[in-house]
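Chemist: The structure follows.
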Amino acid sequence: MFSVELVPDAVIEAAVRDDWARLQHADLPNSGRNPSPSNRPHVTLAVRDELAAEIVRGAEEHLPLPLELSGILLFPRRRGVVVARHVVVSAALLALHRDIAGRLGAPPPRYANTAIGRWTPHVTLARSVPPAEVASVLATIEAEHVVGEAVGLRVWDATAKTITTLR
């Protein structure tokens, strides 16, 4: 699996990492538990089974662009709930997403949630949260409005565990 990811500036990254740390301190599920140096807050723009980073090269010219975190989103899944910070949709963010989607073409059905018109921009705070722990997770995170910028674009290869940084 490959994903095209938007990387936030230090202000947004710090806010998300603070939430990860609060969840960790409370012994609750959180995305900060992954010790890999490649694990950092990001907004997934597209996911594909195969993807050559060169296809999206040039899309980084959209950056930097304004990026804002607002409230909390819950995405129910088979193995629990994904808890995320909502990213405010802006014209600049949609233009970047459309550019990436146009370069890659329509996603296969399993990644349809990244298609134009179906994509919900977010930054994940925790995955696979048991329903019984969702209230505790929500009480632990600080969902303050955070304003910053998207400053980087990268392609993550989950199989090889490598990142291609485009900016």
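The values are calculated or read from the model by the stated rules, or taken from the named source; none is laboratory data. Keep in mind that this is a model prediction, so the values were computed, not measured. All Cβ positions, glycine included, derive from the backbone under ideal geometry; neighbour counts span all protein chains shown. Surface accessibility is based on the protein's heavy atoms, side chains included, excluding ligands, DNA and RNA. Shrake-Rupley method; radii C 1.70, N 1.55, O 1.52, S 1.80 Å.
Chemist: Of the conditions (1) open to solvent by less than 20 Å² (accessible area, probe 1.4 Å); (2) under 22 Å from His145 (Cα atoms), Leu28 satisfies every one except a single condition; which number is it?
Modeler: The number of the failed condition is (2).
Chemist: Search segment 43-59 for residues being within 13 Å of the chain's Cα centre (by Cα) and of a type in the set (A, V, I, L, M), and hand back the single one that is most open to solvent (accessible area, probe 1.4 Å).
Modeler: Top of the filtered list is Val47.
Chemist: Please give the number of the condition Arg33 fails out of (1) at pLDDT 95 or above; (2) open to solvent by 40 Å² or more (accessible area, probe 1.4 Å).
Modeler: (1)
Chemist: Report yes if some residue within segment 94-107 is free of Cβ contacts under 8 Å to residues at least 60 places away in the same chain and touching a Ser or Thr at 6+ places or on another chain (Cβ under 9 Å); otherwise report no.
Modeler: yes
Chemist: Mind listing whichever residues of segment 117-145 are under 15 Å from the mean Cα position of the chain (by Cα) and β-branched (Val, Ile, Thr)?
Modeler: Within segment 117-145, Thr120, Val123, Thr124 meet the criteria.
Chemist: Residue by residue through segment 65-124, note down the ones that are farther than 26 Å from Leu23 by Cα, open to solvent by 50 Å² or more (accessible area, probe 1.4 Å) and not β-branched (Val, Ile, Thr).
Modeler: Correct list: Pro66, Ala91, Leu94, Arg98, Gly102, Arg103, Ala106, Pro109, Arg110, Asn113, Gly117, Arg118.
Chemist: In segment 125-161, how many are β-branched (Val, Ile, Thr), surrounded by fewer than 18 Cβ atoms within 10 Å (Cβ to Cβ) and under 26 Å from Leu93 (Cβ atoms)?
Modeler: Here the count works out to 1.
Here is a yes/no grid of residues against (1) open to solvent by 10 Å² or more (accessible area, probe 1.4 Å); (2) over 16 Å from Glu142 (Cβ atoms); (3) modelled with pLDDT under 95:
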residue: Pro8; (1), (2), (3): no, yes, no
residue: Ser38; (1), (2), (3): yes, yes, yes
residue: Pro41; (1), (2), (3): no, no, no
residue: Glu61; (1), (2), (3): yes, yes, no
